[in-house]
Amino acid sequence: MLLRSMFFALLMVTVGGNAAELEARSAWIRDAPAGAAMRAGYVELHNRGTSTVEIVAASSAAFGLVELHETRMVDGVARMRELPPVQILPGGQFAFVPGGPHFMLMRGRIPLEKGDRCVIRLDFSDGTSQDITFQVGLQPESD
């Protein structure tokens, strides 16, 4: 159990092409009732490399459409909008978090329940991509 928890707490991934290392922590998808039309995914990304990483798109076999979104308060009402490409400078970080930037997961293709895993592929401006495994359920505790 401890090994499984450690795996999900810190998932190291390497981005080819630009020699950047992208570290993903606490990758999770909010649990939702069966048949929910949309879900949201969250993750903390840390660029451990020497080049800027720019996320231009995302996709998943489990969803027909994945978009990078942001929640903003406008006149006291939460509104969502699609994000432009996300840049993470060398040594920098970017967090997809509840109430802020997140992955909007739409048109679910398979049923997902608490504890299930789902891969989301991040596509980068240099033409490379990276798969990150997310777990469905509650937000993991921070390191």
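The values are calculated or read from the model by the stated rules, or taken from the named source; none is laboratory data. Nothing here was measured: the structure is a model prediction, and the numbers come from that model. Glycine gets a Cβ as well: all are built from the backbone with ideal geometry, and neighbour counts include every protein chain shown.
Of all residues in region 61-81, those that are surrounded by 11 or more Cβ atoms within 10 Å (Cβ to Cβ) have Cβ atoms under 8 Å from Cβ atoms of residues that are polar (S, T, N, Q) and at pLDDT below 95, 6 or more apart or on another chain, in 80/71.
In this structure, residue 137 does satisfy being modelled with pLDDT under 95 and at positive phi. Restricted to strands (runs of 3 or more DSSP E) entirely inside region 6-83, those with at least 1 residues that are at pLDDT 95 or above, under 27 Å from residue 111 (Cα atoms) and of a type outside the set (D, E, K, R) are 20-30, 38-47, 53-59, 63-74. Of the residues making up region 102-121, those that are in contact with a strand residue (DSSP E or B) (Cβ under 9 Å, 6 or more places away or on another chain) and assigned to a loop (DSSP other than H, G, I, E, B) number 7. Of the candidates 51, 125, the single residue that is in contact (Cβ under 8 Å) with a residue 24 or more places away in the chain, among the small types (Gly, Ala, Ser) and closer than 20 Å to residue 25 by Cα is 51. Quick check on region 90-101. Is at least one of its residues among the aromatic types (Phe, Trp, Tyr), within 11 Å of the chain's Cα centre (by Cα) and in a strand (DSSP E or B)? Yes, that holds for at least one residue. Residue selection: residue 58 fails the criterion of being surrounded by 13 or more Cβ atoms within 10 Å (Cβ to Cβ), more than 11 Å from residue 120 (Cβ to Cβ) and touching a residue at least 60 places away in the same chain (Cβ under 8 Å).
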